[in-house]
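Below is one structure, written out as structure tokens, with a few remarks after it.
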Amino acid sequence: MLTLDLNAPMAGWCTPLDSVPDAVFAGRLMGDGVAIDPTGDTLHAPCDGVVVTIHDSRHAITLRADNGIELLMHIGIDTVALHGKGFTALVEIGAAVCAGDPLIRFDLDHLVQHASAVITPLIVTSEGLRVTPLAIGTMVAVGTPLARVTGESASAESAAPSLALQSRELVVQLAHGLHARPAATIAAALRELDADVTLSANGKQASARSVVGLLGLSLGFGDHVVATTSSGDAPMLFDRLAILLSAEAEVDAEPAQTAAAPRAASSLPENALQGVGAAPGLAIGPAFRLTRQALSLPSQGEGVAAEHARLNDALAKVQQTLRDEAGGTVSKGIATAHLALLDDPALRDAAKLRIEAGAHAGTAFHEAALAEAAQLRSSSNHRLAERADDLEDIGRRIAFAALGKEDAPANYVNGGILIAAELLPSHLLASDAQRIGGIALEGGGATSHVAILAASLGIPMVVALGKSLEQAREGMLMVVDGDGGAVLTQPDDSLIVDVAARINRRREAEDAARAAGDRPTRTADDVAIAVYANLGSVTDAEAAIREGAEGSGLLRTEFLFLERPEAPGIEEQARCYREIAETLDGRPLTIRLLDIGGDKPASYLAIPAEENPALGERGVRVLLTRPALLETQLRAILRAQQYGPIRVMVPMIVGMGELAAIRETLHRLAAEENVAPPPLGVMVETPAAALLSERLAETADFLSIGSNDLTQYTLAMDRGNPAVAATADALHPAVLRLIEATCKGAAQHDRPVGLCGGLAADPLAVPILIGLGVRSLSVPPQQVPRIKAVVSQLRLDETQALAGVALGCGTAAQVRAFARDFSEKAA
């Protein structure tokens, strides 16, 4: 049994850790401990030990006691922002100190005036130990007995002398900051390596093995973070972290569509509420408020052993539910993210600590999840703040499971408009929820998981309506316009008739499109426009067939290459391509060559961190500098093409030389495999490719526009940056002019042009794209019927006229206004 007696390191009022106004400390993410509200000006050693780290800002220090237990003392809250002013270190890293020795002197007056709080946590960061406070609610002097630390004897590894700590400063190059998916990837990688690394930033620390801890750091693009470890493999671990922080592995998720630009307030009726469109479509129905099942949790448990068992049972039950949900096309990504949160050791440990303090298992996990959710909601990164709902969701699920109940709202109204302050993903996954007509929320975000679910289920949704939604009454008739981002309350009779007719015409057209299966889609004047599906798995291919897709205009192959220690071989790739081709059953399959680097990392490629990954080594540039990687993938494709019509598409082309090099390799390998080479096309994702489209079409068999990247490169706006994402609209006239140039250039050599970016699934954009010359659209499987229905109602001459108007506009908002008028007249 390990024991360690800690003395007060400063004079002041001793208080529980729960009272610290910071969710990471109060939630015990770093470990258990106590806190002191200081009255003195010096931090002292609470025990004998060695100084392990001193933060550059000198506001925090870590000690290792003689028995190996590690302690963190953090003077004040958010004091890292003082950049060392008011702090003087009195010791150096590596110094041996005795209990009572002065460590850091600080200017208490300066802290009171400039820090958010001066309360100082003392944290036991070593795992598996219990802290018993001895002086809570009393004034303490330096040296007063403060707490006793107890736990099982240290393992041989922890008891052995530790290697010297090594540190490296890293830079976050993730486009959306360190959010759930890359955090889960990092944590999984460190657990797989059985390595302990601490990340420090903004005055906070977290284990790199903890998803929740990593999210609590609130790291955004360009932020600096210090990685520290005593592992003998420190250089390798730092290199791996640098790669994982350099780009985010979210290729399995469909790129979010650009939210429709809000209409000017003057153009909205008086009874309209302006929000943000989160899921497209139009709905009308009676309003009903979601009543969440009350969660009544006992404050005390029935014994530590019984509550640990109860928690384990609840975790197992919810994990199985999430695994079942992960098998569905719609909920796969969200269920997988929730599973990663449930596996997080910091969240589980925080719950276990509460259980050991006497709490019920449901109460313990729910409180731990809410503490972390509060931390994320305080983040300035809107994507991180939106993920707080995911933590609250799993907290409720576990709490209800621990009570032996189900968390299921029971008041869904068939065809009604659900109104609420917030909505959790699990509420929308309930079978009854999929019968509702539309959703209107006071809060929420257009990129939240519940918004992704609504779009996948075809439920129109408007978010960020604010407190104005409170005026809506139960039973009041409401219109949800997910395309325009508005909600109309109490529509008059003429509007009711008009909206109902438009909805019916849309539904009839979509039903007809679905019933037609994969028969070629044609406009009202008999122009063929192929509607394909974007794929990332066999499951997606199965969904595409169900929805009537005519084939696949984009198979993202990155899912085969990410989150693994080495690249897949020829046989593994060929088997996967074969399964998807066979599922499509003779329909065309367009395989995009590996688009890795930039915002999609693979640790085994060791692509160095770049200041701007989007402008660095990615796409075809990675393939041409790694010929073995390219040849393996091409051979796998060549061996799979006997199972269906396959085309190959090259990403991030900017010139003729890259296309020529890929074509030469493809033809050489086809000769060696004794097969005919498949058609080879290029992705038009840069202004360079669009402007060179006529030359590229000389040798490319087809061109496919990637509107997401083309938009950000044309407008110099990162679509993942919240500050500019709202204005990074793919219907900007400059982007449309490049699409027009691509279509005209390809037409010179009779090459077909398709579009496989998010713009293809925007009903307002479809007429413009067709008018510009695009002849195939590739969209998420669930959007296929809707887009086929839109296409079937168009006439080519009218779309060409609309395209001409759009090209003459000066802003994306003007384009959308004309497109909306066109759509409403067509409907």
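The values are calculated or read from the model by the stated rules, or taken from the named source; none is laboratory data. These numbers were taken from a predicted model, which means no experiment stands behind them. We place every Cβ from the backbone using ideal geometry, glycine too, and count neighbours over all the protein chains shown. Remember, those area values only see protein heavy atoms, side chains included, never the ligands or the DNA or RNA. Shrake-Rupley method; radii C 1.70, N 1.55, O 1.52, S 1.80 Å.
What to note about this one:
- Residues in region 288-324 that are of a type in the set (D, E, K, R), modelled with pLDDT under 80 and not in a helix (DSSP H, G or I): Arg292 alone.
- Under the condition of being in contact with a Leu (Cβ under 8 Å, 6 or more places away or on another chain), in a helix (DSSP H, G or I) and crowded, with 23+ Cβ neighbours inside 10 Å, the residues counted in region 453-468 number 2.
- Residues that are surrounded by fewer than 24 Cβ atoms within 10 Å (Cβ to Cβ), without any contact (Cβ under 8 Å) to a residue 40 or more places away in the chain and of a type in the set (A, V, I, L, M) within region 677-707 comprise Leu680, Ala688, listed in sequence order.
- Any hit, region 539-558, residues being under 24 Å from the mean Cα position of the chain (by Cα), open to solvent by 50 Å² or more (accessible area, probe 1.4 Å) and hydrophobic (A, V, I, L, M, F, W, C): no
- Matching residues, region 40-77, being in a loop (DSSP other than H, G, I, E, B), under 25 Å from Thr138 (Cα atoms) and touching a residue at least 60 places away in the same chain (Cβ under 8 Å): Gly40, Asp41, Pro46, His59
- Neighbours by Cβ (under 7 Å, 6+ apart or cross-chain): first from region 345-363, on the phi > 0 side of the Ramachandran plot; second open to solvent by 40 Å² or more (accessible area, probe 1.4 Å): Gly358/Gln300
- Selected residue (only one of Asp389, Asp393 is modelled with pLDDT under 75, open to solvent by less than 20 Å² (accessible area, probe 1.4 Å) and either charged (D, E, K, R) or assigned to a loop (DSSP other than H, G, I, E, B) (or both)): Asp389
- Looking only at region 741-764, and only at residues there that are among the aliphatic types (A, V, I, L, M) and in contact with a Gly (Cβ under 9 Å, 6 or more places away or on another chain), the one that is nearest to Asp481 (Cα to Cα): Ala760
- Cβ pairs under 9 Å, 6+ apart, first in region 610-632 and part of a strand (DSSP E or B), second at pLDDT 70 or above and open to solvent by less than 70 Å² (accessible area, probe 1.4 Å): Arg618/Asp595; Arg618/Ile596; Arg618/Pro651; Arg618/Met652
- Condition check for Ala65: more than 14 Å from Thr53 (Cβ to Cβ) and modelled with pLDDT of 90 or more: yes
- If you go through region 215-244 and keep only what is assigned to a loop (DSSP other than H, G, I, E, B) and either touching a Gly at 6+ places or on another chain (Cβ under 7 Å) or among the β-branched types (Val, Ile, Thr) (or both), you end up with Leu219, Gly220, Phe221.
- Inter-residue pairs, beta-carbon under 8 Å, first more than 14 Å from Glu127 (Cβ to Cβ) and part of a loop (DSSP other than H, G, I, E, B) and in region 137-164, second modelled with pLDDT of 70 or more and charged (D, E, K, R), 6+ apart: Ser162/Arg64
- A single entry from Arg64, Arg58 fulfils the requirement of being open to solvent by 40 Å² or more (accessible area, probe 1.4 Å), at positive phi and under 40 Å from the mean Cα position of the chain (by Cα): Arg58.
- Filtering region 256-287 to residues that are at pLDDT below 50, closer than 17 Å to Leu764 by Cβ and either among the polar types (S, T, N, Q) or open to solvent by 20 Å² or more (accessible area, probe 1.4 Å) (or both) leaves Ala256, Gln257, Thr258, Ala259, Ala261, Pro262, Arg263, Ala264, Ser267.
- Whichever residue in region 470-484 is of a type in the set (A, V, I, L, M) and surrounded by fewer than 22 Cβ atoms within 10 Å (Cβ to Cβ) and, among such residues, is nearest to Asp498 (Cα to Cα): Leu477
- Residue within region 719-741 that is open to solvent by 10 Å² or more (accessible area, probe 1.4 Å), of a type in the set (Ser, Thr, Tyr), touching a Leu at 6+ places or on another chain (Cβ under 9 Å) and more than 14 Å from Leu703 (Cα to Cα) present: yes
- Restricted to region 328-378, and to residues there that are modelled with pLDDT under 75 and open to solvent by 60 Å² or more (accessible area, probe 1.4 Å), the residue that is nearest to Leu457 (Cα to Cα) is Lys332.
- Selection count where residues are at pLDDT below 85 and farther than 21 Å from Ile591 by Cα, scope region 698-732: 13
- Within region 108-130, the residues that satisfy the criterion of being of a type outside the set (A, V, I, L, M, F, W, C) and under 33 Å from the mean Cα position of the chain (by Cα) are Ser116, Pro121, Thr125, Ser126, Glu127, Gly128.
- Flag if Ala513 is in a loop (DSSP other than H, G, I, E, B), open to solvent by less than 50 Å² (accessible area, probe 1.4 Å), of a type in the set (A, V, I, L, M, F, W, C) and at pLDDT below 95: no
- The requirement of being within 30 Å of Leu794 (Cβ to Cβ) and either of a type in the set (Gly, Ala, Ser) or in contact with a helix residue (DSSP H, G or I) (Cβ under 6 Å, 6 or more places away or on another chain) (or both) is satisfied by Ser552.
- Those helices (runs of 4 or more DSSP H) lying entirely in region 733-827 with at least 3 residues at pLDDT below 95 and among the charged types (D, E, K, R): 812-826
- Filtered residue count, region 1-39, keeping only those that are farther than 17 Å from Leu71 by Cβ, at pLDDT below 90 and not in a strand (DSSP E or B): 9
- Answer from Leu111, Leu103 - the residue that is outside any loop (DSSP other than H, G, I, E, B), open to solvent by less than 60 Å² (accessible area, probe 1.4 Å), modelled with pLDDT of 90 or more and within 18 Å of Ser57 (Cβ to Cβ): Leu103
- Selection from region 201-226 of residues that are within 18 Å of Pro345 (Cα to Cα) and either among the polar types (S, T, N, Q) or modelled with pLDDT under 75 (or both): Gln205, Ser207, Ser210, Val211, Val212, Gly213, Leu215, Gly216
- Scanning region 640-657 for residues that are of a type in the set (A, V, I, L, M), surrounded by 22 or more Cβ atoms within 10 Å (Cβ to Cβ) and outside any helix (DSSP H, G or I) yields a total of 6.
- Residue that is modelled with the lowest pLDDT [pool: residues in region 431-469 that are over 22 Å from the mean Cα position of the chain (by Cα) and of a type in the set (Ser, Thr, Tyr)]: Ser431
- Residue count for region 748-760, restricted to those that are surrounded by fewer than 24 Cβ atoms within 10 Å (Cβ to Cβ) and either among the small types (Gly, Ala, Ser) or in contact with a Lys or Arg (Cβ under 8 Å, 6 or more places away or on another chain) (or both): 2
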